[in-house]
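The structure under discussion appears below in the form of structure tokens.
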Amino acid sequence: MSYLKTIEYRIIPTQSFTVIRNCSGCGQKTRFQNTGKFRVNANSSKIDVWLIYQCEKCRHTFNLTIYERQKNTNIPADEYQRFLDNDEQLAEAYGRNFQLFQKNKAEIDSKSENYELVKLQELIDETVCGSQTVITLQNPYHLKIRPEKLAAEILGLSSSQVKKLIAKEAITIRSTAQSVYISFSEISA
Ligand SMILES: [Zn+2]
């Protein structure tokens, strides 16, 4: 049978990132966790908002800057209220916001990058010659997962089986910061 199968997934983090940084309380590098709370400082018409992270060991805090010296008109009113309410869902969303960590130069503990694969679509085109499957995994959160590990997970194979298939050129894997592409004609592991 001839077909071109294209399958698309999105890699979604399932929990807040953990930050690794020097803790002044512990005097060494430790892991900081999302407290799920915000700190808001409203000074005249300028507003600062932080997401509060906390050392696992000594409870020293580290604030990730969300807004810095912003005019209150620049912050959506409903979001501002959610900051004041320490809205857990919003704190979780910011805790998985890769750009926020980059902006704050906060080092993400790659071991904290738990994720799930959400299938977006699967299309089959039977008008082509040959049989080919192309799997695209969007990685909008820039999680640092080895492409081989993703291939093993998607295909239900062990990582050594995947390595062998790559060596035999039965599978091709390409990756960019935003996506991983896995393609193969047929798999005989
Ligand atoms: Zn500490």
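Please treat every number below as a calculation from the coordinates, not as lab data. Note that this is a predicted model, so its numbers are computed, not measured. When we count neighbours, we look across all protein chains shown, and the Cβ atoms used for this are built from the backbone with ideal geometry, even at glycine.
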**OP:** Can you find, among TYR53, PRO76, GLY95, the residue farthest towards the positive end of the dipole of region 19-111? Put +1 on the C-beta of Lys and Arg, -1 on that of Asp and Glu.
**Re:** TYR53
Original post:
Based on the alpha-carbon gyration tensor of region 41-94 and its eigenvalue square roots a ≥ b ≥ c, which shape applies: rounded if a/c is under 1.5, prolate if not and a/b is larger than b/c, or oblate?
Top reply: oblate
Original post:
Along the charge dipole of the chain, Cβ charges K/R +1 and D/E -1, which of PHE184, SER131, MET1 sits furthest on the positive end?
Top reply: PHE184
**OP:** Would you tally the net charge around ARG21, using a Cβ to Cβ cut-off of less than 11 Å, leaving ARG21 out, and scoring K and R as +1, D and E as -1?
**Re:** +1
Subject >> Kirkwood Rh, angstrom, the chain [1 / mean 1/r, Cα pairs] >> reply: 19.3 Å
**OP:** Please report, largest first and rounded to whole Å, the three semi-axes of the ellipsoid equivalent to region 19-111, where each semi-axis is the square root of five times an eigenvalue of the C-alpha gyration tensor.
**Re:** 25, 13, 12
Original post:
By the scheme Lys and Arg +1, Asp and Glu -1, what is the net charge of all other residues having a beta-carbon under 11 Å from that of ILE182?
Top reply: -1
**OP:** Might you report the magnitude of the Cβ-based charge dipole of region 1-63 about its Cα centre, with Lys and Arg at +1 and Asp and Glu at -1, to the nearest 20 debye?
**Re:** 160 debye
Original post:
Between their Cα atoms, which of LYS37/LYS111; LYS46/LYS111; LYS5/LYS111; LYS5/LYS149; LYS37/LYS105 are more than 25 Å away from each other?
Top reply: LYS46/LYS111; LYS5/LYS111
